[in-house]
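Taken together, the values in this text are just the output of simple stated rules run on the coordinates, not laboratory data. Please read these numbers as outputs of a predicted model, since none were measured by experiment. Cβ coordinates were reconstructed from backbone atoms using ideal geometry, including for glycine residues, and neighbour counts include every protein chain displayed.
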Amino acid sequence: MEPTRYWIGVVSRSHVQRGVEGSFVQLNHGKAAPLRRMNVGDWFVYYSPRTDYPAGEPLQAFTALGRITGDTIYQVEMAPDFTPFRRDVTFLPSHPAPIAPMLEALSFIHDRQHWGYVFRTGHLSVPEADFRRIAAAMGVGIDA
């Protein structure tokens, strides 16, 4: 059995809301690769740099948190030319948490001046302690 991992996905808040309503995670414009790295039981949180994509208002907050429940990756047709990959997640009740007050405490932020750079890949694994700090700021207690 794989050890539990802790993930951050970078998505606008409006897209996060669709995922929460549908109980799925979709990353990097629907690519399958980031979803393949996750396992059932892993924890996941969305970071939303903006309210909407591509030009919404700046938000810079963690906006939804849950646990990977789907053991399969599947595609859905959102448009004839867009069939993104998804994976099922059980989202927990939470509230958004701005990242700014946490910047000094998060170990995966190595450059405090250019802290946003770490999110440019759209998907990253973080240490458990950092994830727990984020979850607590969102009002969620997690069990590993």
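Find how many whole Å separate the alpha carbon centroid of region 1-60 from the alpha carbon centroid of region 77-117. Cα centroid of region 77-117 versus Cα centroid of region 1-60: 6 Å apart. Here the relative contact order of region 40-123, from alpha carbon pairs under 8 Å that lie six or more residues apart, stands at 24 percent.
For Pro84, the shell of other residues with beta-carbons less than 12 Å away shows a net charge of +2, using +1 for Lys and Arg and -1 for Asp and Glu. Each of Glu21 and Ala136 was given a label point 7 Å from its Cα along the Cα-to-Cβ line. The distance between the two points is 3.4 nm. Straightening the chain between His95 and Ala32 buys 19.9 nm, computed as 0.36 nm per residue apart minus the Cα-Cα spacing.
Take 88-95, 7-14 and order them by the average number of nearby Cβ atoms within 10 Å per residue, most first; the result is 7-14, 88-95.
Relative contact order, percent, of the chain when contacts are C-alpha pairs under 8 Å separated by at least 6 residues? Write down the numbers at each step before the final one.
Numbers: 279 pairs, mean separation 39.8, N = 144.
Relative contact order here is 28 percent.
Share of antiparallel DSSP beta bridges in region 6-137, in percent to the nearest 5? Just about 80 percent of them are antiparallel. Working from Cα pairs under 8 Å separated by at least six residues, relative contact order for region 98-144 is 32 percent.
Please give the calculated 222 nm ellipticity per residue for the chain, where each DSSP H segment of at least 4 residues contributes -39500 (n - 2.57) and the sum is spread over every residue; nearest 500 deg cm²/dmol? Intermediate values should be presented prior to the final figure.
Numbers: 3 runs with 24 residues, N = 144.
Calculated at 222 nm, the ellipticity per residue is -4500 deg cm²/dmol.
Once the chain from Asp71 to His114 is taken as fully extended at 0.36 nm per residue, the excess over their C-alpha distance is 11.9 nm. Backbone geometry of region 20-25 corresponds, through the Karplus equation with coefficients 6.51, -1.76 and 1.60 at θ = phi - 60°, to 3J(HN,Hα) couplings of 5, 4, x, 6, 9, 10 Hz, x marking Gly and Pro.
Using R₀ = 30 Å, calculate the FRET efficiency as 1/(1 + (r/R₀)^6) where r is the Cβ-Cβ separation of Ala105 and Phe82; round to 0.05. Once the sixth-power term is evaluated, E becomes 0.20.
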